[in-house]
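FYI, it's all coordinate maths here, none of it is from the lab. What you see is a predicted model, and the numbers here were worked out from it, not measured in a lab. Here the Cβ is made from the backbone with ideal geometry for all residues, glycine too, and neighbour counts use every protein chain on show.
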Amino acid sequence: MITITNLTRTYVMGTVHVHALKGISLKINKGEFISIMGASGSGKSTLLHQLGLLDMPTQGEILIDGKDVSKLSEKERSLFRLTQLGYVFQEYAIISELTALENVYLPMLMMGRKKQDCINAGIDILNKVGLGDRLDHFQHELSGGQQQRVAIARALVNKPKILFADEPCANLDSESSRQVLELFKKLNKELEQTIVMVTHENWHMEYTDRVIHLKDGLI
Amino acid sequence: MFNDLKVSFFLACKSIQRGNKGTSILTVFIISLIFVNLIFFPSIVDGVEETLNRQSIEHVCGNVVIEPKDDQRYIDNADSIEKKINKLPGVVGTSSRYMSGATFFYNNKSKSGSVHSIDPSDEEVVTKFHSGLIAGEYLGKENTNEILLGIDITGKEGEVTGDSDLGGVQVGDKIDVTFSNGVIRNYRVKGIFDISSININRYAFITEKEMESVLGVENQASEILVKLSQRGTEEEYKTNFIELGISEDIETWREKTAGTIGSLVDSFSLLTIISTVISLIMAVVVIFIIIYINTVNKKRQIGILKAIGIEQNVIINSYVIQVLFYCFSGIAVGLLLFGIIASYLSVNPIRFPLGYVEPVVEQVLILQNIISLVVFSLIAGFIPAWRTANENILKAIWG
Ligand SMILES: Nc1ncnc2c1ncn2[C@@H]1O[C@H](COP(=O)(O)OP(=O)(O)O)[C@@H](O)[C@H]1O
Ligand SMILES: [Mg+2]
């Protein structure tokens, strides 16, 4: 499903070159639930940004479903993110002007689906993540864990091939974290959702099929 | 494409709906003031022009004026010319006048100017200066020893104006008039008129009968004014008059006054341009700042939108739509405000030295200003929206 070869990402800040990824090769199979672990600063987020098409690698190749995504134009990358990928950020990243439901169905609306279909699908997914009674709530009316579940619902609404989550539990208490991880596990088991999750908590490993350890930009 | 617009619209609506109401109202209000400013000044300039035009017709030259050919002093056979013209449908009346330079004397004071002669009943049909009488009465046909004077000649009693008038002549007073051909007559002042208009208050009127005796002429005229029932038809009638065989100089009021009113209006047009440019710059700055602050505040949200696959253009367009919303709301409120101001001023016109002026609103002017305001606002809103939406996703989200 995902094949990356010799991926590097070097940040250039003036004369300083930060080698965040130093040549990573990796294969992720369809239906896998993978966790990426490593110390802070080891390059986990950087790797996920490359996979999620939020950033451009310095070198190397990323094939998703056989497609070399580094060759896509800005517009095509945007469309690819919309239709093929779901991304959950470490910090809560929901749009404050939109209700929970609107946040969730926005990507589907962008796909050109009928508004009513979007609303129905949005309600459906919010029910699945346990927020069926929070449809019309705004960001400031939701707890951190609830916001994160809205973000997950939004990432799932277009039935992405791969779901990326960058430390989705970093700002959550252990109960909320457990809920999120259970949700991922369920999605992975029931819908064979491919999930790539960054974490630095050891106990998260037990939910995942495979662990990839990153250290100083290398596996 | 259509769907992209739909999403832009969705985002814009939610943003307006859930954004700060106070800011929105203030924005709309400022744009409405800018819009009023854009159309108010030009409409007053147009109003001034209209007032001058109306006064020219009503007091100075009627709709069409016939004058002697260049090499002649008087129009010959004035009566027959008037008869021919009066037969045409749509001609309300004609008034033939003589004109002579003259000096007025009263109580050791003198003032030079000119005297016009009129057939009182003909003149009444053509011009309106009789309605400006502030004292005394209008002339009768046989009043050979009486004169009507404008307020600029009589002056006001007690008002010290130096030598520029006769220092307060009253109705019933007698004044001496020396005509340019040397004839001296003594007249009783029958009436005094005051018309807030350019020049007219410097006129003096005597009867045609009296003037013919002063000048020693008959059945001639210095000018014949023609009043038409409809303004705007002057050119047609000018052609008709030529076809009737009138070989004198024929000018419409517009031709007759083109020089004076034209140059006055031209000198305003520079001011109009300056005021328009300033208004548009204000609009650009206001919209730019509002959208700039808006997008900078929402930089992170814009980054998130891009991250989840909302295309950059959709985001930019959502701001453009917001600008359009503010702009058209501002224009609507501005039109309302302007309507209120204009209807107030049509009841209570502004008093200018040259007469009462009310704003004249041309639809073309409004349309032009709507278009320029919208275009400039769009540019002013697009630039900050484009800049922010163009930023790298990760930078936008994490700064
Ligand atoms: N935008 C950036 N500019 C410069 N250096 C960066 C940037 N983002 C990350 N880095 C550096 O790259 C390395 C990897 O960062 P990151 O991928 O965020 O690590 P992790 O997510 O594992 O904590 C760090 O040394 C970090 O300082
Ligand atoms: Mg990280």
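Couple of notes before you dig in:
- Calculated FRET efficiency for the pair B:Arg231/B:Lys209, C-beta based, R₀ 56 Å, to 0.05: 0.95
- Between A:Thr194 and A:Gly31, A:Leu163, the built amide H atoms are under 5 Å apart, and every one of these is 5 or more places off in sequence or on another chain.
- 19 Å Cα-Cα threshold exceeded, pairs from B:Lys83/B:Lys238; B:Lys83/B:Lys227; A:Lys115/A:Lys159; A:Lys159/B:Lys395: A:Lys159/B:Lys395
- Exposure proxy order (Cβ contacts within 10 Å, fewest to most) of A:Leu26, B:Leu244: B:Leu244, A:Leu26
- Label-to-label distance for B:Thr178 and A:Ser73 is 9.2 nm, based on points extended 7 Å past Cα in the beta-carbon direction.
- For a straight C-alpha distance cut-off of 12 angstrom, the aspartates and glutamates reachable from A:Lys189 (same-chain residues fewer than eight places away being disregarded) are A:Glu32, A:Asp209.
- Neighbour counting of Cβ atoms within 10 Å sorts the residues B:Leu324, B:Leu271, fewest neighbours leading, into B:Leu271, B:Leu324.
- Beta bridges per DSSP with both ends in the range A:2-214, % antiparallel, nearest 5: 50 percent
- Three-way shape label, the range B:142-236, alpha-carbon gyration tensor, a/c 1.5: oblate
- In chain B, helices alone account for a calculated mean residue ellipticity at 222 nm of -18000 deg cm²/dmol, with every DSSP H run of four or more residues adding -39,500 (n - 2.57).
- Beta bridges by DSSP in chain B, antiparallel share as percent, to the nearest 5: 80 percent
- DSSP finds beta bridges in the protein assembly as shown, and of those with both partners inside it, around 65 percent are antiparallel.
- Chain A, relative contact order in percent, only Cα pairs under 8 angstrom and at least six apart counted: 32 percent
- A cut-off of 5 Å between modelled amide H atoms, ignoring neighbours fewer than 5 places along the same chain, links A:His137 with A:Ala100, A:Leu101.
- Karplus (6.51, -1.76, 1.60) ³J(HN,Hα), θ = phi - 60°, over the range B:38-47, in Hz, Gly and Pro reported as x: 4, 9, 5, 4, x, 5, 6, 4, 4, x
- Rounded FRET efficiency, nearest 0.05, which uses the C-beta distance separating B:Phe2 from A:Asp117 and R0 of 22 Å: 0.85
- A simple spin-label model places the labels of A:His213 and A:Leu191 3.3 nm from each other, with each point 7 Å out along Cα-to-Cβ.
- Exposed-site-free run, longest, chain B (rule: GluC sites (Glu not before Pro); DSSP loop; at most 15 other C-beta within 10 Å): B:219-361
- Where labels lie 7 Å past Cα in the beta-carbon direction, separation of B:Gln72 and B:Tyr344 in nm: 5.5 nm
- Zone residues, the range B:369-399, relative to A:Val12, backbone N less than 20 Å from point 7 Å out along Cα-to-Cβ: B:391-396
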